[in-house]
Amino acid sequence: MTNERTATPESLGIDPAKLEKLFERARREVDAGLLPSCQLAVARRGKLAAVRALGRARFGDVEREVDCDTLYVIFSCTKAITSAAAWLLVQEGKLGLGERVADAIPEFATNGKDAVTVEQLFTHTSGFPSAPSWPKDWASREALRARFARWRLNWEPGSRFEYHPSSSMWVIAALVEERSGLAFGEFVRTRLAEPLGLPDLRMGTPRSHHRRVADLVHAGTALTPEDFRARGWPVPPVTEVTEEAVERFNLADVREVGVPGGGATTTAAALALFYQALLDGRTPDGRALWSPETLALARSVRTGELVDPVFGKRVHRGLGVCLAGDADRVFRGFGHGNSEQAFGHNGAGGQIAWADPATGVSFAYLTNGFDRDVIRQARRGVALSSLAADLVV
């Protein structure tokens, strides 16, 4: 990252001592051998206050220390990027939140899916959370639409919330292609990454950059149902996020796809700066990318009283991002000190990304270690986000 995008913590109103405590907390699992590496970044006022890389990782046949240029697969943190791309088309009047998906993609009008609206894709209320999809489906327009045609509903669209790990974002990406005339990865590159000066924000990683991507590994011991109950946690449902599916992102052809629900690669620095842009909607040179009205639309709760079926907490979903909201914010991946207006999206394995309009701070934490102990992983996330939320002097 160039010097123009960095500044001293003090000049950005960040407490250096508190920043060191954040880094010390991130180092704990790496030093204990629980995670191979991590990378984290804090930004404010459009600039990076600090970036830190810790540990070692494998890069194909080579193992070495990670650095601040190491790329990580960010899993569902990708959803904020995919969504923000679609916001541009909503802003331009090329995509309507209330329109039916089938009006843009006729193949979607099967098995009751003709009722699904664009907004329901963003809010995980569209009714097909487990619809199967594979990176190879993105190989052709026809293959993906044939997959859409086979999908079936689990419940009536709009009637409930259930997290869609990947399915709804495949549809959003296809809508972006349909309405923009650009391949989705090209749209993200030319309409988001380049204007924001973030070349390392990638939806689909060229092979020439794969040597920079930290290979994913699983660590720790998986919890049994008895372990969850003993710790007072609900037993999570089985989803498509299996170990095999996660480690598939070590394959070159999968990295090249840029799975819109979970396959972007980037650095913590680029992700923190991306969230700075989502605070004011502007590029580094001051040009408006998203209007204040668009950001207000995207960052407002659109799921009413709907609750997460696992924890029974209100989900507080905007257009593809999660809002911290009330005192239950830690169940949504935020820290205790985040304001109600904080917004972001975490990713499987412990990835963290958010911005808080109350302080102007954005935070990103990435790791290539997929912790099988998901309770430990969740508590680490809350601890890191709580420390990051308390950095302003």
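General observations
- Highest mobility in the GNM of the chain, judged by mean-square fluctuation with C-alpha springs under 10 Å and restricted to P206, P260, P135, is found for P206.
- At q = 0.09, 0.13 Å⁻¹ the log10 of I(q)/I(0) for the chain amounts to -0.48, -1.07, computed by Debye summation with a single uniform scatterer per C-alpha, solvent ignored.
- Based on C-alpha pairs under 8 angstrom that are at least 6 apart in sequence, the chain has a relative contact order of 24 percent.
- With 10 Å bins from 0: P(r) over segment 303-393, alpha-carbon pairs, percent: 18, 52, 28, 2
- Overall, the ratio between the Cα radius of gyration of segment 253-338 and 2.2 N^0.38 Å, rounded to two decimals, is 1.29.
- Here the extension length gained between D373 and T283 equals 28.5 nm, from 0.36 nm per residue of separation less the Cα-Cα distance.
- If R0 is taken as 35 Å, the Cβ-Cβ distance between A146 and T190 corresponds to a FRET efficiency of 0.80.
- Whole-Å semi-axes of segment 9-56's equivalent ellipsoid (Cα gyration tensor): 23, 11, 6
- Efficiency of FRET between E293 and V62 - r from beta-carbon atoms, R0 51 angstrom, step 0.05: 0.60
- Computed with a 1.4 Å probe on the full set of protein chains, the accessible area for L144 sits at about 10 Å².
- Sulfur and carbon atoms: percent of accessible area, the chain [1.4 Å]: 51
- Backbone geometry of segment 255-267 corresponds, through the Karplus equation with coefficients 6.51, -1.76 and 1.60 at θ = phi - 60°, to 3J(HN,Hα) couplings of 4, 5, 5, x, 4, x, x, x, x, 5, 10, 6, 9 Hz, x marking Gly and Pro.
- Measuring spread by the Cα atoms of segment 106-220 yields a radius of gyration and Dmax of 16.1, 45 Å.
- Label-reachable residues, segment 238-262, where backbone N falls under 12 Å from a point 7 Å from A139's Cα toward its Cβ: 253-254
- Taking 0.36 nm per residue of separation and subtracting the current Cα-Cα distance, fully stretching the chain between N154 and R45 would add 34.9 nm.
- Highest mean packing first, where packing is the average number of other Cβ atoms within 10 Å per residue, the peptides 369-377, 382-390 line up as 382-390, 369-377.
- Greater than 31 Å apart at Cα, pairs in K113/K136; K136/K313; K94/K136; K47/K79; K113/K313: K136/K313
- Each of L97 and T239 was given a label point 7 Å from its Cα along the Cα-to-Cβ line. The distance between the two points is 2.3 nm.
- With Rh defined as the Kirkwood radius, the inverse of the mean 1/r over Cα pairs, the Rg/Rh of segment 182-239 is 1.27.
- Here the extension length gained between T110 and E4 equals 33.1 nm, from 0.36 nm per residue of separation less the Cα-Cα distance.
- Share, in percent, of DSSP beta bridges within segment 1-134 that are antiparallel, nearest 5: 95
- Using a Gaussian network model of the chain in which every pair of alpha carbons under 10 angstrom is joined by a spring, one finds that among G335, G350, G93 the greatest mean-square fluctuation is at G93.
- Average Cα contact separation per residue, segment 27-129, under 8 Å, 6 or more apart, as relative contact order %: 13
- Here the Gaussian network model covers the chain, with springs between Cα atoms less than 10 Å apart; of F343, F108, F274, F108 fluctuates the most.
- Lys, Arg +1 and Asp, Glu -1 on Cβ, resulting dipole of the chain about Cα centre, debye, nearest 20: 140
- Alpha carbon convex hull of segment 1-142, projected area averaged over orientations, nm²: 13.3
The values are calculated or read from the model by the stated rules, or taken from the named source; none is laboratory data. All values derive from a computational prediction rather than experimental measurement. Reconstructed Cβ throughout: ideal geometry from the backbone, glycine too, with neighbour counts over all protein chains shown. Quick note on the areas: whole protein, heavy atoms, side chains included, nothing else; ligands and nucleic acids left out. Shrake-Rupley method; radii C 1.70, N 1.55, O 1.52, S 1.80 Å.
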